[in-house]
Amino acid sequence: MTVQHNLKEQAVATLEMLPEEYLQEIARFLDYLRYKMKLKSPHGRERRRQQTFVPPPAMAQESGWPPAFFEQTFGCLRDEPLVREAQGEYEIRGELQ
């Protein structure tokens, strides 16, 4: 048996023991890995240079984000970058007792 085959068998055995909530989390992670692999493909490399990671729609919605939130807001500050203004002086407070 190959190392890869052994790893797959171990993974399947572990998955069979996990509760539903962990399986859902693993499914989201696998969606992320598939998305990441897609960006590493020859066709995805050019796309990757033009954008940063936007979670797959299923992952974003399961995490509580509104549908298409990332697609609609990605790059919205491109022409007007955020500026961190001066923070002022730190207030020195008395010690707690």
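Any read-out appearing in this document is the output of simple, stated calculations on the displayed coordinates, not a laboratory observation. Given the structure is predicted, the values throughout are model-derived calculations rather than measurements. Heads up, the Cβs are rebuilt from the backbone with ideal geometry, glycines too, and the neighbour counts pull from every protein chain shown.
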**Report entry** ³J(HN,Hα) computed for each position of the range 81-92 - Karplus, 6.51 cos²θ - 1.76 cosθ + 1.60, integer Hz, glycine/proline x
**Finding:** x, 5, 10, 8, 6, 4, 8, x, 8, 6, 6, 8
Query raised in the report: Each residue of the range 19-24 in turn: what ³J(HN,Hα) in whole Hz from Karplus with 6.51, -1.76, 1.60 and θ = phi - 60°, glycine and Pro shown as x?
Result: x, 3, 4, 6, 5, 5
Query raised in the report: Modelled label-to-label distance, Glu89 and Val3, 7 Å Cα→beta-carbon offset: nm?
Result: 6.1 nm
